[in-house]
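Structure first, commentary second.
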Amino acid sequence: MLRSLLGEPPRKNEGLFADTLEAMTRTARLFQQAMDKHHDQKQDYFKLQVWTYGLISSIDELEQCTYAAAFFRKRVHTRFMDDMGPDEKGDYARYVYFYKDGFIRVFSLLDKLGTLLNELYELNTAKVKPHYSYFTVLRQLHDLKVHSDLGNKLLSIHEQRKDYISRLRRRRNMEIHYMNAELQDDLWHKHQAMQGRLELENLDEYLADLTQSYQVVLESLHVAFEYTNFYISNQSNRNNMQK
């Protein structure tokens, strides 16, 4: 959708993105099959299926936001705000919009994945922390010593890019929790330090944090749903053999 608004050709789903969508779609079909076989658990499987389709929509939206942020970053060439013309200021504002939208979606999507994993694998994470996050679910997988292959792979993905994720989480927290007055104060001090000229943040560094965090999300979804497909298929085969 965003590509058409930007005058770009439609996205071609390929590589890991396409593989991840395929794995998630397969999981949704497996939940449908489980609903058809286990009528007493139909509501539970229906909920998991709805959450899966929600995650498919969410990763599509995150990919688009990441693409749009990169698109508008390329159109910003000036280091100082007061050197910008009207068009460049508009492109910078659009970059900021999609960048912020992107980093909020990163953690929202991870938390949604954590909710699905917690429910599907009966991790009972809420007993440890009532308002848990994706990262709490990762710790719960480790502490319970269940589904170790899944937990180890997800943890490895996070560890490989934890610096990007940590910086992005700090900015997310600032965007959501800090008061406007505090942000204005920070900007004022930076403005004074530059002797009246407000320098932009390091756009390339900020964008790298978003794009690398998007990769964390994508790889985590791929691993989680490939594992889930294997797990559900094995469970189904075992049930068939016991009949």
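Only one residue in Arg79, Arg94 is farther than 28 Å from Thr228 by Cα and surrounded by fewer than 18 Cβ atoms within 10 Å (Cβ to Cβ). Which one?
Testing whether each residue is farther than 28 Å from Thr228 by Cα and surrounded by fewer than 18 Cβ atoms within 10 Å (Cβ to Cβ) leaves just Arg79.
Can you pull out the helices (runs of 4 or more DSSP H) entirely within segment 1-109 that have at least 1 residues that are modelled with pLDDT under 95, in contact with a Gly (Cβ under 9 Å, 6 or more places away or on another chain) and of a type in the set (A, V, I, L, M)?
Working: elements: 2-5, 15-37, 42-73.
Helices (runs of 4 or more DSSP H) meeting the threshold: none at all.
Would you confirm whether any residue within segment 72-95 is within 30 Å of Glu22 (Cα to Cα) and small (Gly, Ala, Ser)?
Among the residues of segment 72-95, not one is within 30 Å of Glu22 (Cα to Cα) and small (Gly, Ala, Ser), which makes the answer no.
Is it the case that some residue within segment 44-58 is touching an Asp or Glu at 6+ places or on another chain (Cβ under 9 Å) and surrounded by fewer than 15 Cβ atoms within 10 Å (Cβ to Cβ)?
yes
From the list Thr66, Thr25, which one is among the hydroxyl-bearing types (Ser, Thr, Tyr), closer than 17 Å to Val217 by Cα, within 17 Å of the chain's Cα centre (by Cα) and surrounded by 13 or more Cβ atoms within 10 Å (Cβ to Cβ)? Talk me through it step by step, then tell me what you get.
Working: Thr25 fails: within 17 Å of the chain's Cα centre (by Cα).
So the residue among Thr66, Thr25 that is among the hydroxyl-bearing types (Ser, Thr, Tyr), closer than 17 Å to Val217 by Cα, within 17 Å of the chain's Cα centre (by Cα) and surrounded by 13 or more Cβ atoms within 10 Å (Cβ to Cβ) is Thr66.
Has segment 167-189 got at least one residue that is among the hydroxyl-bearing types (Ser, Thr, Tyr), part of a helix (DSSP H, G or I) and either surrounded by fewer than 13 Cβ atoms within 10 Å (Cβ to Cβ) or at pLDDT 95 or above (or both)?
No, that holds for no residue.
Based on this model, can you work out whether Leu207 counts as modelled with pLDDT of 95 or more, closer than 21 Å to Ala23 by Cα and assigned to a helix (DSSP H, G or I)?
no
Listed here are the residues, each with its yes/no results for (1) surrounded by fewer than 17 Cβ atoms within 10 Å (Cβ to Cβ); (2) within 30 Å of Arg197 (Cβ to Cβ); (3) touching a Lys or Arg at 6+ places or on another chain (Cβ under 7 Å).
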position	(1), (2), (3)
Tyr99	no, yes, no
Gly102	no, yes, no
Val128	yes, no, no
Tyr134	no, no, no
Leu141	no, no, no
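Tell me, yes or no, whether segment 141-157 has at least one residue that is modelled with pLDDT under 90, part of a helix (DSSP H, G or I) and β-branched (Val, Ile, Thr).
The first filter runs over segment 141-157 and keeps only residues modelled with pLDDT under 90, leaving none.
The answer is no, given that none of the residues of segment 141-157 is modelled with pLDDT under 90, part of a helix (DSSP H, G or I) and β-branched (Val, Ile, Thr).
The values are calculated or read from the model by the stated rules, or taken from the named source; none is laboratory data. Every value quoted in this text rests on a predicted model; they were computed, and no experiment measured them. Virtual Cβ from ideal backbone geometry, glycine too; neighbours counted across all protein chains shown.
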